[in-house]
1. Taking θ = phi - 60°, what integer Hz values does the Karplus form 6.51 cos²θ - 1.76 cosθ + 1.60 yield along the stretch 118-125, in sequence order, with x for Gly and Pro?
2. For the cross-link pairs LYS104/LYS151; LYS427/LYS454; LYS265/LYS319; LYS427/LYS450, which exceed 21 Å when the distance is taken from alpha carbon to alpha carbon?
3. At a Förster radius of 30 Å, what calculated FRET efficiency corresponds to the Cβ-Cβ distance of VAL366 and HIS297, to the nearest 0.05?
4. Which of LEU489, PRO523, GLY503 sits farthest toward the positive end of the charge dipole of the stretch 404-535, with +1 on the Cβ of Lys and Arg and -1 on the Cβ of Asp and Glu?
5. Which longest run of the chain has no exposed loop site in it, a site being trypsin sites (Lys or Arg not before Pro) in a DSSP loop with at most 10 other beta carbons within 10 Å, and the site itself not part of the run?
6. Percent of Cα-Cα pairs per 10 Å bin, from 0 to the last occupied bin, for the chain, please list those.
7. So what are the ³J(HN,Hα) numbers for the stretch 72-79, from phi and the Karplus equation (6.51, -1.76, 1.60; θ = phi - 60°), rounded to whole Hz, Gly and Pro as x?
8. Kindly express, to the nearest 10 degrees and within the range 0 to 90, the angle between helix 385-395's C-alpha long axis and the longest C-alpha principal axis of the chain.
Amino acid sequence: MQILLYDTTLRDGTQREGLSLSVEDKLKIARELDLLGVHYIEGGWPGSNPKDAEFFQRIRRADLRHARVAAFGSTRRADATCDTDANIQALVAAETPVVTLVGKSSTLHVEQVLETTRQENLAMIAESVAYFKERGKEVVYDAEHFFDGYKLDAAYALATLTAAAHAGADCLVLCDTNGGSLPHEVTEIVQAVQRRLANEGFSNGAAGRGPTLGIHTHNDGALAVANALAAVRAGCVHVQGTINGYGERCGNMDLIPLIANLQLKLGYRCITPEQLRRLTEVSHYVAAVANLNPDTHAPFVGHSAFAHKGGIHVAAVAKVPDSYQHIDPELVGNRMRVVVSELSGRGNVRMRAQELGLDLNGNERVVLQRIKELENRGFQFEAAEGSFEMLVRRAAPDYEPPFELLDFTVVVSKHGAGDIISQAMVKLKVGNEVMHTAAEGDGPVNALDKAIRKALLPHYPELADVQLVDYKVRIVDEHLGTAARPRVLIESARGEERWSTVGCSENIIEASFMALWDSLELPLARRRASCNAHRS
Ligand SMILES: CC(=O)SCCNC(=O)CCNC(=O)[C@H](O)C(C)(C)COP(=O)(O)OP(=O)(O)OC[C@H]1O[C@@H](n2cnc3c(N)ncnc32)[C@H](O)[C@@H]1OP(=O)(O)O
Ligand SMILES: CC(=O)C(=O)O
């Protein structure tokens with residue numbers, strides 16, 4: 001069965017605290033959602049602000065291939081008319097093929113928030129829906145607080161739905177606005193709605209008689225996806241949510257796991273298998289445009305979603321990938337990864353080395369032992385794959401280090417009111433040549449980096465392109481205060497290539513020096529290995 005996906009990242013998603021999208025951002029995300037194959041894109045609330053109104057003007061020229069654009073707004077105000085209601089007129093001006101109207105289902109909201117009568121609320125719903133049907137729009141009716149309203153006064157909540165249905169709404173969306181419902185309640189209430197609509201002579205949409213049913217859930221009880229799945233299994237065919245679950249408070253229902261579960265576990269059709277393989281990319285793209293870090297642990301699409309760390313798990317997935325994975329990660333555009341740490345077995349080392357194209361020469365045990373020793377001293381290899389690579393390369397019997405650091409001195413001085421001066425002196429050996437260099441820098445690590453490069457550049461000019469792009473310090477045993485051991489992580493880059501390295505010591509300069517050494521040796525070791533491979 002086909003499920004219709006209704007994305008509200010650009011409207012409800014932007015109600016997340018800290019998230020704000022420009023019109024340009026919204027257009028970029030809309031194009032991406034269209035390529036993903038969502039059926040509806042809710043662009044915003046045109047009566048709310050000029051940015052949303054501009055979006056609806058510009059999206060007309062976007063030439064979307066697949067998705068229909070929806071503008072969102074509330075039913076007319078109490079005791080007003082649609083012709084004079086500013087929000088309703090902004091929806092008309094948006095000129096979208098789809099109009100989504102939110103109306104009240106709960107007597108609490110009708111009487112205490114709108115401060116109007118039950119009868120007037122029913123008229124507001126019916127007149128607003130009819131107004132847009134008369135103008136040829138597809139009308140989605142969002143029944144706000146439907147589940148809470150049903151629990152308070154089922155007959156009234158159902159009457160609001162039938163008011164929308166009789167006025168011609170194409171889809172009735174049951175909203176768990178406060179996000180507190182449980183899956184079994186959702187199932188029971190969706191079934192009750194179906195019975196009521198059938199009694200009124202409507203069938204659930206598909207055959208064109210009466211509205212389809214939809215679901216809109218929030219994640220306050222961490223059940224938004226579960227509730228949406230329950231609703232679909234009970235008969236809803238239209239599902240509203242946002243990419244990455246962005247939304248007010250704890251977020252909206254996350255369309256990413258929803259789509260993957262519906263399609264891969266429950267056999268519903270949402271998007272094509274090719275579009276499904278873009279899920280990871282889309283999730284990361286939307287996060288980037290929203291200026292938020294992607295959640296690395298997000299189900300299906302997170303960097304860690306298929307990362308195996310425990311030695312026993314890795315040994316098993318090396319033989320049978322499905323042994324510790326619920327799906328094949330490639331189906332959603334993700335990939336399996338192996339993490340190396342003190343919890344590893346030989347399998348982790350073997351698989352990670354294989355991924356890097358490195359030959360272990362039977363040294364798994366030696367490398368594993370070294371990792372365990374170093375992690376015990378505060379190193380962490382998970383986030384320092386460059387240092388892992390150097391451990392493997394250095395363990396090879398024929399490994400020739402491109403340089404050897406013999407010693408270094410770092411001096412940080414401040415005289416009177418003058419500036420702090422950082423200087424480093426380095427002694428290193430390339431082949432048989434021993435060099436002494438000195439440099440000043442913006443801080444001791446920069447001075448050390450400069451002094452090492454000064455010595456290496458005449459021999460290895462390619463290091464000029466290697467940049468230090470990130471430098472992080474973390475205290476390992478924080479209870480020791482200033483005597484605690486710092487762990488230094490350095491990220492280096494050359495063009496698109498990136499690698500991270502680690503050092504750990506009681507002395508922050510030494511920890512930095514270790515990470516720096518690996519970061520500079522790695523590109524030289526890689527180059528030498530590739531030259532040797534070409535020669536042989
Ligand atoms: C569940 C949801 O996510 S619904 C969407 C929530 N999102 C937003 O509110 C974001 C966009 N909102 C806005 O920009 C503004 O709130 C506006 C433009 C819609 C309204 O602004 P204002 O006119 O200043 O009203 P304000 O926001 O203070 O109060 C809401 C008004 O809408 C009325 N209202 C609320 N829901 C409905 C409804 N379903 N039908 C009709 N009127 C409604 C309230 O009774 C209140 O009316 P009042 O001003 O007569 O008291
Ligand atoms: C309509 C909507 O966003 C809600 O009820 O949560």
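Rule-based calculations on the coordinates, nothing more; no lab input. Everything numeric in this text was worked out from a predicted model, so none of it was measured. Cβ coordinates were reconstructed from backbone atoms using ideal geometry, including for glycine residues, and neighbour counts include every protein chain displayed.
1. Once θ is set to phi - 60°, the couplings for the stretch 118-125 become 4, 5, 5, 4, 5, 5, 4, 5 Hz.
2. In this structure, LYS265/LYS319 exceed 21 Å between Cα atoms.
3. 0.40
4. So the residue we want is PRO523.
5. 210-536
6. Each 10 Å bin holds this share of Cα pairs: 4, 15, 21, 18, 13, 13, 10, 5, 1, 0.
7. Coupling constants for the stretch 72-79: 10, x, 8, 4, 4, 5, 4, 6 Hz.
8. Once rounded, the angle reads 30 degrees.
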